[in-house]
1. Filter segment 109-154 down to the residues that are of a type in the set (A, V, I, L, M, F, W, C) and in a helix (DSSP H, G or I) and list them by number.
2. How about segment 121-155: which of its residues are of a type in the set (Lys, Arg) and out of contact with any Leu (no Cβ under 8 Å at 6 or more places or on another chain)?
3. Give His327, His265 a once-over and let me know the one that is touching a strand residue (DSSP E or B) at 6+ places or on another chain (Cβ under 9 Å), touching a residue at least 40 places away in the same chain (Cβ under 8 Å) and either within 16 Å of ligand 2 (Cβ to nearest atom) or within 30 Å of Tyr184 (Cβ to Cβ) (or both).
4. List the strands (runs of 3 or more DSSP E) inside segment 1-108, counting only whole elements, that have at least 3 residues being more than 27 Å from Leu188 (Cα to Cα), more than 16 Å from ligand 1 (Cβ to nearest atom) and at pLDDT 90 or above.
5. When you check Pro270 against the structure, is it of a type outside the set (A, V, I, L, M), surrounded by 21 or more Cβ atoms within 10 Å (Cβ to Cβ), more than 12 Å from ligand 2 (Cβ to nearest atom) and part of a loop (DSSP other than H, G, I, E, B), yes or no?
6. Report whether or not Asn317 is in contact with a strand residue (DSSP E or B) (Cβ under 8 Å, 6 or more places away or on another chain) and closer than 30 Å to Lys236 by Cβ.
7. Give the residue that is surrounded by the fewest Cβ atoms within 10 Å (Cβ to Cβ), with candidates limited to residues of segment 157-167 that are in contact (Cβ under 8 Å) with a residue 40 or more places away in the chain and either in a strand (DSSP E or B) or within 16 Å of ligand 2 (Cβ to nearest atom) (or both).
8. Condition first: within 16 Å of ligand 1 (Cβ to nearest atom) and among the aliphatic types (A, V, I, L, M). Can you find one or more residues in segment 301-314 that meet it?
Amino acid sequence: MIHKYYLFHPVMFLARHHLRHVILHVTDRCNLRCRTCFVRKQTHDMALADAKAIASKLGKVRWLDIGGGEPFLHPELTAICGLFPGSEITIPTNGQMPEHIHRTVLELASAFKNRLTLAVSLDGFEATNDSLRGEGSYGKALRTLELLRAVPCITVKVNTVVCAANFSELTSFMRFVRGLAPDYHSLLLLRGAPEDSALALPPLDALEAATEEVLNILGSYDYGDKGNPLLRVLKKRYQRYLWLLNLKTLRTQQCWVPCKAPCLHRAVYPDGAVSLCELMPPVGNLLEEPMDLLEEKMIDTLARYERSHGPCFCTHNCNLGENIQTHFRSILSVLLGMDP
Ligand code: SF4
Ligand code: SF4
(Lines give C-alpha, C1' and ligand atoms only; values in the text may rest on other atoms or scores of the structure.)
(Ligands and ions follow the chains in the order given, each with its own letter.)
Protein backbone atom coordinates (compact mmCIF):
# COMPACT_ATOMS: atom_id res chain seq x y z
CA MET A 1 0.00 0.00 0.00
CA ILE A 2 1.25 3.50 -0.80
CA HIS A 3 2.05 5.57 2.29
CA LYS A 4 -0.17 8.65 2.73
CA TYR A 5 3.02 10.78 2.63
CA TYR A 6 3.01 10.34 -1.15
CA LEU A 7 -0.52 11.77 -1.46
CA PHE A 8 1.02 15.11 -0.40
CA HIS A 9 4.29 14.54 -2.29
CA PRO A 10 3.32 13.02 -5.66
CA VAL A 11 6.54 14.24 -7.32
CA MET A 12 8.57 12.31 -4.75
CA PHE A 13 6.47 9.22 -5.54
CA LEU A 14 7.38 9.49 -9.22
CA ALA A 15 11.01 10.46 -8.60
CA ARG A 16 11.92 7.92 -5.94
CA HIS A 17 13.01 5.09 -8.27
CA HIS A 18 15.03 7.44 -10.47
CA LEU A 19 16.92 9.32 -7.76
CA ARG A 20 17.44 6.62 -5.17
CA HIS A 21 20.75 6.65 -3.34
CA VAL A 22 21.96 3.78 -1.18
CA ILE A 23 24.98 3.61 1.11
CA LEU A 24 25.78 -0.09 1.33
CA HIS A 25 28.17 -0.90 4.15
CA VAL A 26 29.72 -4.12 2.91
CA THR A 27 31.96 -4.55 5.95
CA ASP A 28 32.65 -2.94 9.29
CA ARG A 29 36.20 -4.27 9.35
CA CYS A 30 39.01 -1.77 8.87
CA ASN A 31 42.79 -1.84 8.77
CA LEU A 32 43.07 1.69 10.20
CA ARG A 33 41.86 3.33 13.40
CA CYS A 34 41.35 6.95 12.37
CA ARG A 35 40.73 9.38 15.20
CA THR A 36 37.81 10.97 13.30
CA CYS A 37 36.08 7.65 12.60
CA PHE A 38 32.39 7.19 13.47
CA VAL A 39 32.20 3.50 12.46
CA ARG A 40 31.99 0.92 15.23
CA LYS A 41 34.65 -1.53 14.09
CA GLN A 42 33.54 -5.13 14.45
CA THR A 43 34.23 -8.15 12.32
CA HIS A 44 31.28 -8.37 9.94
CA ASP A 45 31.46 -8.78 6.18
CA MET A 46 28.15 -8.71 4.33
CA ALA A 47 27.59 -12.28 3.04
CA LEU A 48 27.21 -12.46 -0.76
CA ALA A 49 23.88 -14.32 -0.40
CA ASP A 50 22.61 -11.53 1.88
CA ALA A 51 23.88 -8.90 -0.55
CA LYS A 52 21.87 -10.62 -3.34
CA ALA A 53 18.70 -10.58 -1.24
CA ILE A 54 19.30 -6.95 -0.26
CA ALA A 55 19.93 -5.88 -3.88
CA SER A 56 16.71 -7.48 -5.05
CA LYS A 57 14.71 -5.82 -2.25
CA LEU A 58 16.28 -2.40 -2.89
CA GLY A 59 15.27 -2.46 -6.56
CA LYS A 60 16.53 0.28 -8.83
CA VAL A 61 19.40 2.25 -7.30
CA ARG A 62 20.68 5.31 -9.15
CA TRP A 63 23.68 6.03 -6.95
CA LEU A 64 25.37 3.33 -4.91
CA ASP A 65 27.94 4.39 -2.33
CA ILE A 66 29.84 1.42 -1.03
CA GLY A 67 30.66 1.99 2.64
CA GLY A 68 32.70 0.42 5.39
CA GLY A 69 34.98 -0.12 7.27
CA GLU A 70 37.42 -0.48 4.42
CA PRO A 71 35.44 -1.85 1.44
CA PHE A 72 38.49 -3.41 -0.24
CA LEU A 73 38.88 -5.80 2.71
CA HIS A 74 35.70 -7.53 1.54
CA PRO A 75 36.78 -10.57 -0.51
CA GLU A 76 33.68 -10.35 -2.74
CA LEU A 77 33.51 -6.61 -3.35
CA THR A 78 33.49 -7.06 -7.14
CA ALA A 79 30.62 -9.56 -6.99
CA ILE A 80 28.60 -7.27 -4.71
CA CYS A 81 29.06 -4.29 -7.04
CA GLY A 82 27.97 -6.58 -9.89
CA LEU A 83 24.56 -6.92 -8.20
CA PHE A 84 23.87 -3.28 -9.14
CA PRO A 85 24.61 -3.27 -12.88
CA GLY A 86 22.72 -0.06 -13.65
CA SER A 87 24.08 2.07 -10.82
CA GLU A 88 26.73 4.75 -10.63
CA ILE A 89 29.07 3.46 -7.96
CA THR A 90 31.37 5.30 -5.59
CA ILE A 91 33.85 3.39 -3.44
CA PRO A 92 35.78 5.16 -0.70
CA THR A 93 39.09 3.69 0.36
CA ASN A 94 41.77 4.43 2.91
CA GLY A 95 44.25 3.31 0.24
CA GLN A 96 46.29 1.01 2.50
CA MET A 97 46.53 -1.91 0.03
CA PRO A 98 47.63 -0.15 -3.18
CA GLU A 99 48.21 -3.18 -5.42
CA HIS A 100 45.11 -5.07 -4.27
CA ILE A 101 42.93 -1.98 -4.68
CA HIS A 102 44.39 -1.32 -8.13
CA ARG A 103 43.71 -4.91 -9.29
CA THR A 104 40.13 -4.84 -8.00
CA VAL A 105 39.43 -1.47 -9.61
CA LEU A 106 40.75 -2.70 -12.96
CA GLU A 107 38.17 -5.53 -12.79
CA LEU A 108 35.37 -3.14 -11.84
CA ALA A 109 36.31 -0.44 -14.35
CA SER A 110 35.41 -2.56 -17.36
CA ALA A 111 31.97 -3.42 -15.94
CA PHE A 112 31.23 0.15 -14.81
CA LYS A 113 32.87 2.16 -17.56
CA ASN A 114 32.50 5.89 -16.76
CA ARG A 115 30.19 5.02 -13.85
CA LEU A 116 32.78 4.26 -11.17
CA THR A 117 34.28 6.78 -8.74
CA LEU A 118 37.08 5.97 -6.33
CA ALA A 119 37.57 8.26 -3.32
CA VAL A 120 40.96 8.06 -1.62
CA SER A 121 41.06 9.47 1.91
CA LEU A 122 43.84 11.89 2.79
CA ASP A 123 43.40 14.28 5.70
CA GLY A 124 46.45 16.52 5.30
CA PHE A 125 50.19 16.50 4.71
CA GLU A 126 52.10 13.47 5.99
CA ALA A 127 52.55 14.45 9.65
CA THR A 128 48.93 15.59 10.05
CA ASN A 129 47.46 12.74 8.05
CA ASP A 130 49.44 10.12 9.93
CA SER A 131 48.62 11.62 13.31
CA LEU A 132 44.90 11.37 12.39
CA ARG A 133 44.85 8.14 10.36
CA GLY A 134 47.86 6.14 11.53
CA GLU A 135 51.62 5.95 11.02
CA GLY A 136 52.60 5.23 7.41
CA SER A 137 49.05 5.63 6.06
CA TYR A 138 49.91 8.74 3.99
CA GLY A 139 52.51 7.07 1.77
CA LYS A 140 50.26 4.10 0.98
CA ALA A 141 47.27 6.30 0.21
CA LEU A 142 49.39 8.45 -2.15
CA ARG A 143 50.62 5.30 -3.93
CA THR A 144 47.01 4.13 -4.34
CA LEU A 145 46.03 7.52 -5.74
CA GLU A 146 48.89 7.35 -8.23
CA LEU A 147 47.87 3.84 -9.39
CA LEU A 148 44.19 4.74 -9.68
CA ARG A 149 44.85 7.89 -11.68
CA ALA A 150 46.24 5.68 -14.44
CA VAL A 151 43.06 3.55 -14.69
CA PRO A 152 41.00 4.68 -17.70
CA CYS A 153 37.26 5.47 -17.62
CA ILE A 154 36.94 5.97 -13.87
CA THR A 155 36.70 9.12 -11.76
CA VAL A 156 39.22 9.52 -8.96
CA LYS A 157 38.81 11.98 -6.12
CA VAL A 158 40.43 12.73 -2.79
CA ASN A 159 38.26 12.90 0.33
CA THR A 160 39.38 15.08 3.23
CA VAL A 161 37.55 15.25 6.55
CA VAL A 162 37.86 18.85 7.74
CA CYS A 163 38.49 19.15 11.47
CA ALA A 164 40.37 21.36 13.91
CA ALA A 165 43.48 19.18 13.64
CA ASN A 166 44.02 19.75 9.89
CA PHE A 167 42.37 23.11 9.35
CA SER A 168 45.49 25.29 9.61
CA GLU A 169 47.00 23.58 6.55
CA LEU A 170 43.76 22.92 4.68
CA THR A 171 44.14 25.31 1.76
CA SER A 172 47.85 24.58 1.24
CA PHE A 173 47.02 20.89 1.32
CA MET A 174 44.21 21.48 -1.19
CA ARG A 175 46.69 23.17 -3.54
CA PHE A 176 49.06 20.21 -3.12
CA VAL A 177 46.24 17.76 -3.94
CA ARG A 178 45.35 19.91 -6.98
CA GLY A 179 48.88 19.27 -8.22
CA LEU A 180 48.33 15.49 -7.96
CA ALA A 181 45.57 15.93 -10.56
CA PRO A 182 42.67 13.85 -9.27
CA ASP A 183 39.33 14.60 -10.96
CA TYR A 184 38.26 16.51 -7.88
CA HIS A 185 38.62 16.97 -4.14
CA SER A 186 35.73 16.52 -1.67
CA LEU A 187 35.80 18.29 1.67
CA LEU A 188 33.67 16.57 4.30
CA LEU A 189 32.90 18.49 7.46
CA LEU A 190 33.57 16.35 10.52
CA ARG A 191 30.33 14.74 11.65
CA GLY A 192 29.17 12.82 14.66
CA ALA A 193 31.16 12.60 17.86
CA PRO A 194 34.65 11.25 17.12
CA GLU A 195 36.21 8.86 19.61
CA ASP A 196 38.80 11.56 20.34
CA SER A 197 36.89 14.48 21.85
CA ALA A 198 39.85 16.83 21.21
CA LEU A 199 38.84 16.78 17.53
CA ALA A 200 36.06 19.09 16.49
CA LEU A 201 34.91 21.20 13.60
CA PRO A 202 37.00 24.36 13.15
CA PRO A 203 35.23 27.54 14.30
CA LEU A 204 32.63 28.72 11.81
CA ASP A 205 34.33 32.11 11.43
CA ALA A 206 37.52 30.35 10.34
CA LEU A 207 35.62 28.18 7.83
CA GLU A 208 33.97 31.27 6.40
CA ALA A 209 37.28 33.13 6.21
CA ALA A 210 38.79 30.26 4.19
CA THR A 211 35.79 30.00 1.86
CA GLU A 212 37.01 32.19 -0.99
CA GLU A 213 40.23 30.21 -1.37
CA VAL A 214 38.48 26.86 -0.85
CA LEU A 215 35.98 27.70 -3.59
CA ASN A 216 38.69 28.94 -5.96
CA ILE A 217 40.52 25.62 -5.68
CA LEU A 218 37.36 23.51 -5.93
CA GLY A 219 36.34 25.56 -8.96
CA SER A 220 39.59 24.69 -10.75
CA TYR A 221 38.71 20.99 -11.16
CA ASP A 222 36.97 19.55 -14.21
CA TYR A 223 35.05 16.92 -12.18
CA GLY A 224 35.83 14.15 -14.64
CA ASP A 225 33.85 15.87 -17.39
CA LYS A 226 36.59 16.94 -19.76
CA GLY A 227 34.38 16.40 -22.82
CA ASN A 228 31.18 17.99 -21.51
CA PRO A 229 31.62 21.68 -20.69
CA LEU A 230 27.98 22.18 -19.60
CA LEU A 231 28.06 19.32 -17.09
CA ARG A 232 31.42 20.55 -15.86
CA VAL A 233 30.02 24.02 -15.16
CA LEU A 234 26.99 22.55 -13.35
CA LYS A 235 29.17 20.29 -11.21
CA LYS A 236 31.37 23.24 -10.22
CA ARG A 237 28.29 25.26 -9.32
CA TYR A 238 26.90 22.31 -7.39
CA GLN A 239 30.11 21.94 -5.32
CA ARG A 240 30.10 25.66 -4.54
CA TYR A 241 26.43 25.51 -3.55
CA LEU A 242 27.07 22.46 -1.34
CA TRP A 243 29.93 24.11 0.58
CA LEU A 244 27.99 27.35 1.08
CA LEU A 245 24.82 25.49 2.06
CA ASN A 246 26.75 23.56 4.71
CA LEU A 247 28.18 26.77 6.17
CA LYS A 248 24.74 28.41 6.12
CA THR A 249 23.29 25.37 7.91
CA LEU A 250 26.04 25.50 10.55
CA ARG A 251 25.62 29.24 11.02
CA THR A 252 21.84 29.23 11.35
CA GLN A 253 21.42 25.75 12.83
CA GLN A 254 18.37 25.18 10.70
CA CYS A 255 17.22 23.24 7.69
CA TRP A 256 17.38 24.98 4.28
CA VAL A 257 16.71 22.00 2.03
CA PRO A 258 14.05 19.56 3.27
CA CYS A 259 15.32 16.03 3.80
CA LYS A 260 13.88 13.37 1.47
CA ALA A 261 15.82 10.52 3.05
CA PRO A 262 12.78 8.28 3.69
CA CYS A 263 11.99 8.13 -0.04
CA LEU A 264 15.37 8.59 -1.65
CA HIS A 265 18.02 7.39 0.72
CA ARG A 266 18.88 4.19 2.55
CA ALA A 267 21.91 3.28 4.65
CA VAL A 268 22.29 -0.51 4.80
CA TYR A 269 24.67 -2.28 7.16
CA PRO A 270 26.50 -5.64 6.82
CA ASP A 271 23.81 -7.51 8.82
CA GLY A 272 20.98 -6.05 6.69
CA ALA A 273 19.94 -3.36 9.19
CA VAL A 274 18.61 -0.30 7.37
CA SER A 275 18.26 3.32 8.41
CA LEU A 276 17.25 6.66 6.93
CA CYS A 277 20.87 7.77 6.84
CA GLU A 278 24.13 7.09 8.62
CA LEU A 279 23.20 9.53 11.36
CA MET A 280 19.89 7.90 12.33
CA PRO A 281 19.47 4.51 14.06
CA PRO A 282 18.18 1.51 12.07
CA VAL A 283 14.41 1.15 11.64
CA GLY A 284 14.53 -2.58 10.86
CA ASN A 285 16.27 -5.24 8.81
CA LEU A 286 16.07 -5.70 5.06
CA LEU A 287 16.71 -9.43 5.37
CA GLU A 288 13.65 -9.86 7.58
CA GLU A 289 11.09 -7.26 6.50
CA PRO A 290 9.69 -6.09 3.16
CA MET A 291 11.05 -2.82 1.74
CA ASP A 292 7.58 -1.21 1.64
CA LEU A 293 7.18 -1.70 5.38
CA LEU A 294 10.67 -0.37 6.08
CA GLU A 295 9.99 2.66 3.91
CA GLU A 296 6.81 3.36 5.91
CA LYS A 297 8.85 3.09 9.11
CA MET A 298 11.43 5.53 7.72
CA ILE A 299 8.75 8.06 6.74
CA ASP A 300 7.16 7.74 10.19
CA THR A 301 10.53 7.95 11.99
CA LEU A 302 11.48 11.22 10.31
CA ALA A 303 7.96 12.66 10.80
CA ARG A 304 8.10 11.81 14.52
CA TYR A 305 11.57 13.32 14.85
CA GLU A 306 10.53 16.50 13.04
CA ARG A 307 7.37 16.88 15.15
CA SER A 308 9.51 17.14 18.28
CA HIS A 309 12.71 18.78 16.92
CA GLY A 310 11.60 20.74 13.83
CA PRO A 311 12.90 20.07 10.29
CA CYS A 312 15.90 17.75 10.47
CA PHE A 313 19.19 19.11 9.12
CA CYS A 314 22.78 17.96 8.81
CA THR A 315 25.90 18.71 6.77
CA HIS A 316 26.22 15.17 5.44
CA ASN A 317 27.25 15.59 1.78
CA CYS A 318 26.11 12.08 0.79
CA ASN A 319 22.46 12.82 1.56
CA LEU A 320 22.44 16.41 0.45
CA GLY A 321 22.91 15.38 -3.20
CA GLU A 322 19.44 13.96 -3.72
CA ASN A 323 17.88 16.53 -1.37
CA ILE A 324 19.28 19.37 -3.50
CA GLN A 325 18.25 17.66 -6.74
CA THR A 326 14.63 17.47 -5.59
CA HIS A 327 14.41 21.01 -4.18
CA PHE A 328 13.12 23.54 -6.70
CA ARG A 329 14.93 26.58 -5.26
CA SER A 330 18.23 24.67 -5.06
CA ILE A 331 17.90 23.34 -8.61
CA LEU A 332 17.32 26.86 -9.87
CA SER A 333 20.24 28.22 -7.82
CA VAL A 334 22.66 25.60 -9.15
CA LEU A 335 21.46 26.14 -12.74
CA LEU A 336 21.83 29.91 -12.47
CA GLY A 337 24.99 29.87 -10.33
CA MET A 338 23.32 31.52 -7.35
CA ASP A 339 24.39 31.01 -3.75
CA PRO A 340 22.06 29.41 -1.17
S1 SF4 B 1 39.54 4.22 7.15
FE2 SF4 B 1 37.42 4.87 7.40
S3 SF4 B 1 36.40 3.17 8.45
FE4 SF4 B 1 38.62 2.88 8.69
S5 SF4 B 1 39.09 3.81 10.65
FE6 SF4 B 1 39.46 5.35 9.07
S7 SF4 B 1 37.52 6.52 8.90
FE8 SF4 B 1 37.09 4.60 10.01
S1 SF4 C 1 18.53 15.68 7.55
FE2 SF4 C 1 20.45 14.51 7.68
S3 SF4 C 1 20.37 13.55 9.73
FE4 SF4 C 1 18.29 14.21 9.22
S5 SF4 C 1 17.34 12.37 8.32
FE6 SF4 C 1 18.10 13.68 6.67
S7 SF4 C 1 20.13 12.86 6.21
FE8 SF4 C 1 19.56 12.09 8.23
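The values are calculated or read from the model by the stated rules, or taken from the named source; none is laboratory data. No experiment lies behind these values; they were computed from the predicted model shown. Cβ placement follows ideal geometry from the backbone for every residue including glycine, while neighbour counts extend to all protein chains displayed.
1. The first filter runs over segment 109-154 and keeps only residues of a type in the set (A, V, I, L, M, F, W, C), leaving 109, 111-112, 116, 118-120, 122, 125, 127, 132, 141-142, 145, 147-148, 150-151, 153-154.
Answer for segment 109-154, where residues must be of a type in the set (A, V, I, L, M, F, W, C) and in a helix (DSSP H, G or I): Ala109, Ala111, Ala127, Leu132, Ala141, Leu142, Leu145, Leu147, Leu148.
2. As a first pass, look at segment 121-155 and keep what is of a type in the set (Lys, Arg): 133, 140, 143, 149.
Within segment 121-155, Lys140, Arg143 meet the criteria.
3. Details: His327 fails: touching a strand residue (DSSP E or B) at 6+ places or on another chain (Cβ under 9 Å).
Being touching a strand residue (DSSP E or B) at 6+ places or on another chain (Cβ under 9 Å), touching a residue at least 40 places away in the same chain (Cβ under 8 Å) and either within 16 Å of ligand 2 (Cβ to nearest atom) or within 30 Å of Tyr184 (Cβ to Cβ) (or both) holds for just one of His327, His265, which is His265.
4. Details: elements: 21-25, 63-67, 88-93.
The strands (runs of 3 or more DSSP E) meeting that bar number zero.
5. Values: of a type outside the set (A, V, I, L, M): yes; surrounded by 21 or more Cβ atoms within 10 Å (Cβ to Cβ): yes; more than 12 Å from ligand 2 (Cβ to nearest atom): yes; part of a loop (DSSP other than H, G, I, E, B): yes.
Spelling it out, Pro270 is indeed of a type outside the set (A, V, I, L, M), surrounded by 21 or more Cβ atoms within 10 Å (Cβ to Cβ), more than 12 Å from ligand 2 (Cβ to nearest atom) and part of a loop (DSSP other than H, G, I, E, B).
6. On the way: in contact with a strand residue (DSSP E or B) (Cβ under 8 Å, 6 or more places away or on another chain): yes; closer than 30 Å to Lys236 by Cβ: yes.
Spelling it out, Asn317 is indeed in contact with a strand residue (DSSP E or B) (Cβ under 8 Å, 6 or more places away or on another chain) and closer than 30 Å to Lys236 by Cβ.
7. Checked segment 157-167; the qualifying residue surrounded by the fewest Cβ atoms within 10 Å (Cβ to Cβ) is Asn159.
8. Within segment 301-314, the first condition is being within 16 Å of ligand 1 (Cβ to nearest atom), and the residues that meet it are none.
Looking for residues that are within 16 Å of ligand 1 (Cβ to nearest atom) and among the aliphatic types (A, V, I, L, M), one finds none in segment 301-314, hence no.
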